[in-house]
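The values are calculated or read from the model by the stated rules, or taken from the named source; none is laboratory data. Model, not experiment: these values are computed from the prediction. So basically every Cβ, Gly included, is an ideal-geometry build from the backbone, and we count neighbours across all protein chains shown.
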Amino acid sequence: MKLLPLLPLLLTPLLAAHALAQPGAPIPPSLPEGLETIEFFSPAVERTMKYDIVLPPGYEEGDERYPVLYLLHGYMQNYTVWGRNLGAAFYARNLQDLILVMPDGGNTWFVNYAQSSEGKKDNWEDHLIQDVIAHVDDNFRTEARREGRAIAGLSMGGFAAFSLGLRHPEMFISLGSTSGALGYARERSAAIEEGLVVMPTVRTPEQQAEVDRADAVISSIINIPGFSRQDERTPTGVDFVTLEQAQAYDPFQILFNVPKSQLPHIYIDSGTDDGLVTVAREFMGLLLMNDVPFDFMQSRGRHNSEYWRRSVGHMMTMQFEVMQRALGNRP
């Protein structure tokens, strides 16, 4: 089916994380300064989950409230990748007046599944929008309003940031995507229209061996009971059954559901050697044709950790400034 050719690209985030987890690779010997791992129960998915959070310098000594950026990981990645391996914790502390939250969504595309199986509850949109955000706002001194909340992500997470941000524009002042797989729901819509059935992911023996080797290392880092190995993190249900369900998550469609005056700030970037740069440019074209303000950046790079370590600082800084201006903290 149409999604299968993307498999090597979607494996890239996992393989990059696997490389970072090998002996001698540049993993910090301890957690970055200000980073904590939070464990909590999520009713939306009926399981204990985790997220990493980075608190600003001086948080414990003061009573100030801070804007929050939610940073979503890519397919076959997890909540630890952004803060511990890709430099996001450094940039968050460098910006100082920011709380950074990095949730876990497994390989779910952060959508509410139309059909679940094996007695599981796969409401991953609700997990983030309802459970994670509520837990953060209840337990940390956040600016718990639209002006103080932004969302962004890479690859799968870039799709989710745009999809969920446009589905809930009253919650986010800024949406960001780096190397975003923005066409995911659109491709699923096309498959449904053509009557194609979503088949389980087919990997070559070499790809499966690489996943198994990565699992052996990364599952112990994730350390979420029943949600650490890739087979556990990939729902066995169906994300979208009908065309309407797929279109309801498609950024190319739901952009038009939000009045222009209520649209969040939109940031997009991609590497020029990334296979997903085409869909980033296509989305930019849609914004141009409809007079929607946005920021777009492309620079040399591929769909890999080297590019994301460069792009995340730029994306976070842009979104931080948007929040600070919305909160009235800029001239």
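One table, with the values for the structure above:
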| read-out | value |
| --- | --- |
| Of the criteria (1) surrounded by fewer than 22 Cβ atoms within 10 Å (Cβ to Cβ); (2) within 19 Å of SER305 (Cβ to Cβ); (3) at pLDDT 50 or above; (4) of a type in the set (A, V, I, L, M), which one ILE38 fails | (2) |
| Boolean, VAL202 is among the aliphatic types (A, V, I, L, M) and surrounded by fewer than 18 Cβ atoms within 10 Å (Cβ to Cβ) | yes |
| Residue selected from segment 88-107 under the condition out of contact with any Ser or Thr (no Cβ under 8 Å at 6 or more places or on another chain) and polar (S, T, N, Q), by the criterion surrounded by the fewest Cβ atoms within 10 Å (Cβ to Cβ) | GLN96 |
| Test result for GLY271, in contact with a Leu (Cβ under 7 Å, 6 or more places away or on another chain), farther than 22 Å from ARG146 by Cα and small (Gly, Ala, Ser) | no |
| Some residue of segment 149-163 being buried (at least 22 other Cβ atoms within 10 Å of the Cβ), assigned to a loop (DSSP other than H, G, I, E, B), at pLDDT 95 or above and polar (S, T, N, Q) | yes |
| Flag if ILE224 is farther than 25 Å from ALA150 by Cα and buried (at least 17 other Cβ atoms within 10 Å of the Cβ) | yes |
| Subset of segment 178-198 [under 17 Å from PHE110 (Cβ atoms) and of a type in the set (Ser, Thr, Tyr)] | THR178, SER179, TYR184 |
| Helices (runs of 4 or more DSSP H) (entirely within segment 245-331) containing at least 2 residues that are farther than 25 Å from ALA88 by Cα, among the hydrophobic types (A, V, I, L, M, F, W, C) and touching a residue at least 12 places away in the same chain (Cβ under 8 Å) | 251-254, 277-289 |
| Segment 272-331, subset among the polar types (S, T, N, Q) and touching a strand residue (DSSP E or B) at 6+ places or on another chain (Cβ under 6 Å), residue nearest to SER261 (Cα to Cα) | GLN319 |
| Flag for PHE140 being touching a Leu at 6+ places or on another chain (Cβ under 8 Å), farther than 21 Å from PRO264 by Cα and either surrounded by fewer than 24 Cβ atoms within 10 Å (Cβ to Cβ) or among the polar types (S, T, N, Q) (or both) | yes |
| Test: residue in segment 229-241 that is among the small types (Gly, Ala, Ser) and either under 14 Å from VAL111 (Cβ atoms) or in contact with a Phe, Trp or Tyr (Cβ under 8 Å, 6 or more places away or on another chain) (or both) | yes |
